[in-house]
Amino acid sequence: MVPASGESLPEVGIGIVGYGLMGRLHAHGYTLAPRVRALPCRPRLRAISGRDAQAVARAAAAYGVEEWTTDWRELVARDDVQIVDVCTPPGVHAEVVEAAADAGKAVLCEKPLATDYASAARAATAAARVPNAIGFNYRRLPALALMKQLVDEGAVGDVLLWRGSWLSDEFLDPETPFDWRFDRSLGGSTIADLGAHLVDLALWLVGDVAEVSAQSATFVTERSGRSVEVDDASSALLRFENGARGSFEVAKTCARRPCDFGVEVNGTRGTLRFDYPRLNELLFGDGSDEARLYGLRRIRAEHPSHPYAGEWWPIGQGVGYGESFASQAADLLERWPDGPWEPDLAWGAHVQAVCEAIELAAALHRWVPVAEVTG
């Protein structure tokens with residue numbers, strides 16, 4: 001129950017492990033969440049950790065976090081931290097999640113859950129005894145949440161085809177120096193980095209993936225004198241367990257494509273299409289429309305009747321990237337302390353299994369059942 005006006009709300013201490021872009025966005029989300037939704041608790045940014053003392057100190061001051069440390073284990077052990085929010089590079093995620101769960105702390109972990117399925121499954125199992133969630137923030141954009149509603153309501157009929165692509169130019173410049181993003185054990189593959197969001201949306205909108213076929217390429221194989229094993233671009237074909245088919249593409253070598261992703265669903269009765277550069281819009285083609293209305297109508301997913309839109313700005317003002325993190329924080333805090341939180345780390349491990357199947361299919365040049373990864 002939410003206390004009546006004038007009553008103090010119980011505080012929930014937040015500890016953020018990692019101070020980069022994701023740490024900044026998660027801190028922003030916790031700060032904004034109580035301002036857009038009535039919650040049963042008040043998040044308090046108790047601590048943030050990072051390896052560089054000067055950088056994490058600056059981040060703490062900028063993000064409104066009370067204290068900082070260079071030792072994430074110290075953060076996890078604090079009595080005043082109830083939620084550990086993991087925003088490190090992916091190769092460290094599983095270790096931090098397990099330590100937090102062992103300490104009895106609730107866990108929110110950025111995607112991907114790990115750089116391999118075994119680590120992801122281990123982390124999900126460890127966290128099963130505490131409230132836990134994986135950070136798929138794009139689900140909280142009104143247009144994508146509306147897409148999910150319409151698919152579930154049968155607006156497009158039975159889903160036949162799904163396609164998703166994510167194009168950026170992050171790795172295009174061959175002079176970009178080697179850092180953790182090019183270390184596969186720490187940053188994971190592009191399939192898992194960008195593709196985790198697409199796989200999440202595929203599973204959410206359509207259902208489980210049975211098997212995949214894929215290809216990958218690394219065009220710049222050396223940076224700063226070090227070998228690069230992370231894929232610059234990958235694509236895959238998907239076979240869903242319900243008989244639907246899908247196509248998937250991720251690339252970080254597309255000039256002047258900063259963060260362009262899109263998702264489309266084609267069904268027996270209609271089509272839905274989302275494009276991130278127009279993130280407040282959803283295209284809908286209704287197969288039952290009269291012929292003179294043939295085409296895709298543009299839905300402005302900003303009406304108060306649309307999911308998440310009503311708690312933000314007046315129609316026409318837009319709901320964006322930063323707001324999705326606030327909605328994510330609000331969704332979790334709204335269910336504090338008992339949960340359940342969604343999507344959880346078991347879902348994150350499931351997404352990782354599909355990503356690993358795509359990686360394996362590209363390496364082996366054959367169709368790979370997801371069950372081959374999960375055992």
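What follows is calculated from the coordinates using simple rules that are stated; it is not laboratory data. What you see is a predicted model, and the numbers here were worked out from it, not measured in a lab. Methodologically, a virtual Cβ is constructed for each residue, glycine included, from the backbone with ideal geometry; neighbour enumeration extends over all protein chains shown.
Dividing the helix sum by the residues of the chain, where each DSSP H run of 4 or more adds -39500 (n - 2.57), gives a mean residue ellipticity at 222 nm of -10000 deg cm²/dmol. For the chain, the antiparallel share of DSSP beta bridges with both residues in that region comes to about 60%.
Work out, step by step, the length gained on full extension between E222 and E372: first 0.36 nm times the residue separation, then minus their alpha carbon distance; give nm to one decimal.
Length gained, E222 through E372: 50.9 nm.
Run the numbers on the chain and let me know its relative contact order in percent, using alpha-carbon pairs under 8 Å that are six or more apart.
Values: 839 pairs, mean separation 78.0, N = 375.
The value is 21 percent.
Reducing the range 30-83 and the range 291-336 to their Cα centroids gives an inter-centroid distance of 27 Å. Is the shape of the range 1-146 best called rounded, prolate or oblate, per the rule: a/c under 1.5 gives rounded, else a/b larger than b/c gives prolate, else oblate, with a ≥ b ≥ c the square roots of the Cα gyration tensor eigenvalues? Rounded. Amide H contacts of G135: C109, E110, K111, each under 5 Å away and 5 or more positions distant or on a separate chain (H built 1.01 Å from N in the peptide plane; Pro and chain starts excluded).
Fully extended, how many nm does the chain gain between E290 and R256 (0.36 nm per residue separation, minus their Cα-Cα distance)? Don't skip to the answer; put the middle values down first.
Values: separation 34, 0.36 × 34 = 12.24 nm, distance 3.88 nm.
Contour length minus Cα-Cα distance gives 8.4 nm.
Ignoring lysines fewer than eight residues from K252 along the same chain, the ones with Cα atoms less than 24 angstrom from its Cα are K111.
Excluding same-chain neighbours fewer than eight residues apart, the aspartates and glutamates reachable from K148 by a Cα-Cα span under 16 Å are D158, D200, D208, E264, D275, E281, D286, E302, E342. Note on the chain: GNM, Cα springs under 10 Å; of I299, I358, I134, the largest mean-square fluctuation is that of I299.
In plain terms, the chain is cut at each of the GluC sites (Glu not before Pro) found in a DSSP loop with at most 13 other Cβ atoms within 10 Å, and the longest leftover piece is 67-152.
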